[in-house]
Structure formats: C-alpha cells, structure tokens
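Here is the structure we will look at.
The values are calculated or read from the model by the stated rules, or taken from the named source; none is laboratory data. Computed from a prediction, not measured in an experiment: that's the story for all the values here. Glycine also receives a Cβ, built like all others from the backbone with ideal geometry; neighbour counts cover every protein chain displayed. Areas reflect the complete protein model, heavy atoms only, side chains present, ligands, DNA and RNA absent. Shrake-Rupley method; radii C 1.70, N 1.55, O 1.52, S 1.80 Å.
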Amino acid sequence: MDISLKHEDYKFLKILSDNSVEESVEAELALPEYMPEILRIIKSTAEPKINSCRLVGERVTVDGVCDLRMIYTAEDGCIYAFSQSRPFTRHCEKSEFLNSVDATSTVNVSYVNCRATGTKRAEIKAGLVIKFTVFCEEKESVVSLGGTKGIEQKTLPVKAVSLGCRKTRSFSMSDTITLNSPAAFIVSTYASAVCTEIRKISNKVMIKGDAVIEACYVNANDKSVCEHIKHSIPINQILEFEGMDEKYNGNVALKVTALDIIPKGESSGIATAFDISLGIDASVTMWEGKELLVISDAYSVEANIDLKKSSLVFLTYPDELHSPFVFDGSFSVSGEGVAEICDSTGTVSVASVKVENGELQINGSLSVALIIKDASGSLSSASKIFDYQYKCKADFEIADIVCEPCVTLVSLDCTVKDNSSVDVRAQLNIDGSVFGKMLIDCVSDISESDTPVCRKNNAITVYFPQSENESLWSIARRYNTTVNAIARENSLEGETTEKLKMLFIPSA
C-alpha cells in the first residue's frame with residue numbers, strides 16, 4: 001500500500017522568555033545657585049524611558065535613560081524640583097532566541113530613595129525592573145490523507161486561527177504646548193497611547209488613535225501652587241510589517257516607551273511652553289482563520305498500519321477586547337489632614353487573567369502616589385496600592401484561554417473627600433484578544449506495518465452490542481471492516497448501534 005500524506009502547517013505564538021532583571025541607577029544632586037536650600041524632601045521619583053530594544057542573534061538588549069527627580073520644600077514653604085538623567089542598559093541572552101520573531105521590553109520602578117547630604121546636595125537611588133518578552137513562531141503539522149485508498153479514517157473538524165505575523169515597530173511624535181501660566185519646575189509627567197482603528201494595506205498597517213500627555217509643574221509666579229496640563233495628540237501612522245497580508249485579522253497594542261518634556265521660554269529660566277517628544281511601540285499580532293480536518297484515528301481493511309499520535313494545541317477564533325473601565329476607590333491619609341492635592345500619579349499592572357463562572361476576569365493593581373498640602377500649608381506625600389478587577393461575560397466553552405491584555409491608565413483624578421481621605425477615579429483602557437485553547441490528540445503519521453493482515457473467512461458475523469449506543473467506528477475497527485458496510489447491512493443511518501440488540505457485521 002502506497003500511503004500518501006498531506007501536511008498543512010498551523011502556526012501559533014509562543015513566549016520563549018519572560019525574564020525580568022534588576023538594575024539600579026543613582027545620582028548625586030547638586031542644586032544650582034539660583035535654587036534655595038533643602039528644608040525637607042517631600043518626594044522622590046524615577047521616570048525610566050526605553051530608547052531601544054534590539055534583538056540580534058541570541059541577545060536582546062535594552063538601552064534607556066532614567067530621570068531621577070527630587071521634590072522638596074524650602075524655608076519659604078514653596079515647592080521645588082530638581083532632576084538628573086542616568087543611562088541604563090541590560091541584556092538577556094539565550095540560544096533559543098535565534099528562532100524568535102519579536103522582542104519587547106518594559107521597565108518599572110521598584111523603589112526610589114532620596115536623602116539630603118547637605119543644604120544643597122542630595123543622593124538619590126532607584127531600582128528598576130526590566131522585563132524582556134521574546135516571542136517565537138511555533139509550527140505544528142496537521143496530517144491528512146492524500147490519494148490513498150483502503151484506509152478508514154475518523155476525522156474531527158477544527159475551526160482555529162493560525163498566526164500570520166507578529167512584530168513590533170517604534171515611532172516617535174512631537175508637539176509644543178503653550179502654557180497658560182509660566183512654569184518654574186516640572187514635578188511629574190505621564191503619557192498614554194490608545195489605538196482606536198487599524199487598517200491593512202498590503203504589507204502595511206495604518207494605525208489611528210490618541211496619545212494623551214499630562215504634566216504637573218510649579219507656577220513660576222507663585223511657587224506654592226502646582227499647575228496641571230493635559231494635552232492630546234492624534235495618532236495617524238502607517239507602519240510596514242513584513243509578512244503582512246490583507247486577509248489577516250488581528251490587533252495592535254500601543255505602549256509609550258519614552259516621554260520627554262523640555263521647558264521652553266525666556267532666558268531667565270521661566271518656561272512659557274513645553275516641547276513634547278514621545279516614543280511609542282506598536283506591537284502587531286495578526287492571524288488567519290483555518291478550517292482544519294484532523295485525523296483522530298485510522299485503520300486499514302487491506303493491510304496493518306502503524307499510527308503515530310501527538311497532542312496538538314489549537315487556538316479558537318478570538319473575542320476582541322476594546323473596553324474602557326472606570327475604577328473608583330478611596331483611602332485615608334494620616335497626619336494633619338488634606339486641604340489640597342498638589343499632584344497625583346499612577347501606574348497600573350496586570351496580575352492574572354482567567355475565565356470563571358462564565359466571566360472573563362482581569363485582576364491587577366493600581367498604584368497611586370500623591371503630594372498633598374494640609375490646612376497649615378505643610379507639604380507631604382501619600383500613596384496607596386489598590387486591587388482592581390475587570391469582568392465581562394465570556395462565551396467560552398473552554399476555561400483554558402490565552403490572553404495577554406494591554407491595560408492602559410488613560411487618566412487619574414484624585415479629589416479631597418474630607419480632611420482625612422481622598423477619592424480616586426482611574427480610567428483604564430483594556431485591549432487584547434482572548435483565544436480559547438484546545439489540546440487535541442491527532443494522528444501525526446501513518447505507515448504500513450510489516451505484520452500481515454489476519455483475515456477471517458466468516459462472511460457475516462453476528463455481534464451483540466455492549467451498550468445501547470455503541471460506536472460503529474469502534475466495532476468496524478475491531479472486525480476489520482468499514483462503517484459503511486455495517487450501516488448498509490443493518491439499514492442504519494447514524495453512527496451508533498441505535499439501541500439494536502443484535503448487529504450483522506459483513507467482512508470487508
């Protein structure tokens with residue numbers, strides 16, 4: 001028997017590495033002559049920026065800069081800020097990275113410490129956690145019979161998605177904001193980017209969305225007052241992606257990797273405008289739908305055959321997440337109470353994703369940090385980590401899912417509830433694709449066995465079914481005949497014995 005097999009490739013994305021490494025950055029801050037002496041350090045911050053993430057051979061390298069900022073108060077009771085930038089670089093190296101198709105990185109701040117070493121000097125140190133995520137393209141081969149005759153096969157239709165392409169591209173944006181009131185010092189900055197529309201054109205993807213930039217600065221005319229600005233820049237980018245095809249479906253996740261706000265204005269050092277530069281990563285994941293017919297079992301009535309089986313992973317057609325989510329919370333502030341919130345900053349993270357009780361649940365944390373002023377005008381800092389949970393109805397028969405959601409903090413509003421507590425409202429944007437994950441045992445190879453077929457002389461065999469709805473496939477396989485032959489002999493239309501007490505089995 002000449003067995004002819006066809007192989008159809010099925011691809012999916014696999015994370016080769018999800019490693020995190022720690023990096024410390026530090027600086028000695030020496031205040032210039034025009035800045036007053038340090039009375040008390042209110043807060044210290046670290047704002048890391050990724051300049052590049054390069055995948056070359058077996059190594060992924062991340063280069064970046066971290067702005068270390070000290071915020072303090074002087075004898076006049078006003079707010080002052082001073083910062084310095086420090087570069088950082090780290091790499092992750094593994095032999096399996098040679099087969100990778102994409103690499104991304106994120107950097108988070110684990111701690112910041114600052115202490116005054118003199119009236120106009122301070123030491124600041126921050127710990128960074130740099131996460132490397134490296135993707136590879138995993139291939140599986142689905143086997144089907146070609147022109148081979150004489151082999152009975154049991155097939156299972158599978159609707160699945162096969163990876164088209166995965167790639168990250170970086171782009172930059174810039175703009176200038178004119179300030180309503182002049183700025184003396186920048187206290188904090190934040191930026192987010194959200195994709196609202198994608199279009200595919202040949203090997204290009206057109207991305208539309210919005211980038212939102214927020215900044216807090218000290219008013220140059222009254223250094224006891226903090227001002228806030230919020231500015232939006234429309235995103236219209238056309239990026240090239242090798243291997244892109246218009247038939248693919250997919251999503252784009254945007255992530256701000258770098259934000260630079262440079263004061264611009266008079267020679268006296270008072271800024272009347274901010275020059276803004278943004279670095280954004282666009283991670284594109286595209287796939288195509290496939291209707292596959294996998295062989296779950298096979299046998300031959302003409303010869304003995306050997307089957308090789310393997311478990312294949314299939315991903316179902318995804319549900320898309322494009323959902324705004326509002327988190328509300330509050331927390332108490334110790335000390336002399338709260339009269340005013342001068343500045344608020346936040347970071348968001350994802351801890352787990354699961355399907356439970358018919359719902360998709362995304363759990364994570366929201367970290368909020370404040371600079372507050374009490375009734376006497378004294379400044380201090382306060383912080384709180386909240387747990388959030390996003391839920392939506394999940395139409396999944398399979399609890400095992402694959403989902404890497406992109407959760408973006410779009411805006412953060414903190415208001416004084418009473419003199420000892422603060423209300424927090426955060427608007428999050430949740431994007432991503434939720435795939436169901438199926439593990440199916442399939443025939444991966446069929447070959448003819450050297451063992452000869454042992455044929456029986458009986459033309460008809462009488463068989464008494466072991467159960468009311470015994471599978472005709474299992475009976476035909478056992479007696480080396482075909483399902484069609486049994487069905488014809490017994491006038492059956494279904495695939496089971498249909499409660500028959502006796503069955504006639506013809507030889508093939």
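Residues of the stretch 76-127 being of a type in the set (Val, Ile, Thr) and under 29 Å from the mean Cα position of the chain (by Cα), which ones? Within the stretch 76-127, THR89, VAL101, THR104, THR106, VAL107, VAL109, VAL112 qualify. Taking the residues in the stretch 169-195 that are surrounded by fewer than 19 Cβ atoms within 10 Å (Cβ to Cβ), within 35 Å of the chain's Cα centre (by Cα) and not β-branched (Val, Ile, Thr) as candidates, determine which candidate is nearest to THR272 (Cα to Cα). Looking at residues that are surrounded by fewer than 19 Cβ atoms within 10 Å (Cβ to Cβ), within 35 Å of the chain's Cα centre (by Cα) and not β-branched (Val, Ile, Thr), I get ASP175. Within the option set LYS384, LYS417, LYS373, LYS391, being over 30 Å from LEU163 (Cβ atoms), open to solvent by 20 Å² or more (accessible area, probe 1.4 Å) and without any contact (Cβ under 8 Å) to a residue 40 or more places away in the chain holds for one residue only, LYS373.
Residues checked against (1) over 28 Å from LYS11 (Cβ atoms); (2) open to solvent by less than 30 Å² (accessible area, probe 1.4 Å); (3) not in a strand (DSSP E or B):
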{"residue": "ILE207", "(1), (2), (3)": "no, yes, no"}
{"residue": "TYR217", "(1), (2), (3)": "yes, yes, no"}
{"residue": "ILE235", "(1), (2), (3)": "yes, yes, no"}
{"residue": "ASN251", "(1), (2), (3)": "no, yes, no"}
{"residue": "PRO263", "(1), (2), (3)": "yes, no, no"}
{"residue": "MET286", "(1), (2), (3)": "no, yes, no"}
{"residue": "VAL294", "(1), (2), (3)": "no, yes, no"}
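Residues of the stretch 1-42 that are open to solvent by less than 80 Å² (accessible area, probe 1.4 Å) and not in a strand (DSSP E or B): MET1, ILE3, SER4, ASP18, ASN19, LEU31, PRO32, MET35, PRO36, ILE38. Scanning the stretch 382-419 for residues that are modelled with pLDDT under 90, among the acidic types (Asp, Glu) and closer than 28 Å to ILE372 by Cα yields one hit, ASP418.
So, in the stretch 337-370, of the ones that are in contact (Cβ under 8 Å) with a residue 40 or more places away in the chain, small (Gly, Ala, Ser) and part of a strand (DSSP E or B), which residue ends up surrounded by the most Cβ atoms within 10 Å (Cβ to Cβ)? Checked the stretch 337-370; the qualifying residue surrounded by the most Cβ atoms within 10 Å (Cβ to Cβ) is SER344. Of the residues screened, THR45 is one that is part of a strand (DSSP E or B), in contact (Cβ under 8 Å) with a residue 60 or more places away in the chain, among the polar types (S, T, N, Q) and open to solvent by less than 50 Å² (accessible area, probe 1.4 Å). So which pairs qualify, if the first residue must be in the stretch 193-210 and at pLDDT below 90, the second must be surrounded by 14 or more Cβ atoms within 10 Å (Cβ to Cβ), the Cβ gap must be under 6 Å, and the two must be at least 6 apart or on different chains? As it stands, the answer is ASN203/MET244, since those pairs meet every condition given.
Just one of the listed residues (GLU214, GLU240) is in contact (Cβ under 8 Å) with a residue 60 or more places away in the chain, in contact with a strand residue (DSSP E or B) (Cβ under 7 Å, 6 or more places away or on another chain), of a type in the set (Asp, Glu) and more than 24 Å from VAL101 (Cβ to Cβ), and it is GLU214.
Within the stretch 221-228, does at least one residue satisfy the condition of being part of a strand (DSSP E or B), open to solvent by 50 Å² or more (accessible area, probe 1.4 Å) and more than 30 Å from GLY77 (Cβ to Cβ)? Checked the stretch 221-228: no residue is part of a strand (DSSP E or B), open to solvent by 50 Å² or more (accessible area, probe 1.4 Å) and more than 30 Å from GLY77 (Cβ to Cβ).
Exactly one residue out of SER311, SER334, SER277 is open to solvent by 20 Å² or more (accessible area, probe 1.4 Å), within 30 Å of SER383 (Cα to Cα), assigned to a strand (DSSP E or B) and not aromatic (Phe, Trp, Tyr): that is SER277. Listed here are the strands (runs of 3 or more DSSP E) enclosed by the stretch 420-508 that have at least 3 residues being modelled with pLDDT of 85 or more and surrounded by 14 or more Cβ atoms within 10 Å (Cβ to Cβ): 421-448, 503-506. Filtering the stretch 183-205 to residues that are in a loop (DSSP other than H, G, I, E, B) and either of a type in the set (Gly, Ala, Ser) or out of contact with any strand residue (DSSP E or B) (no Cβ under 9 Å at 6 or more places or on another chain) (or both) leaves only SER202.
Per this entry, GLU214 is counted among residues that are among the charged types (D, E, K, R) and closer than 30 Å to ILE79 by Cβ.
Per-residue answers, yes or no, for (1) free of Cβ contacts under 8 Å to residues at least 40 places away in the same chain; (2) out of contact with any His (no Cβ under 6 Å at 6 or more places or on another chain); (3) of a type outside the set (Ser, Thr, Tyr); (4) farther than 30 Å from GLU404 by Cα:
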site	(1), (2), (3), (4)
SER100	no, yes, no, no
VAL107	no, yes, yes, no
THR119	no, yes, no, yes
PHE135	no, yes, yes, no
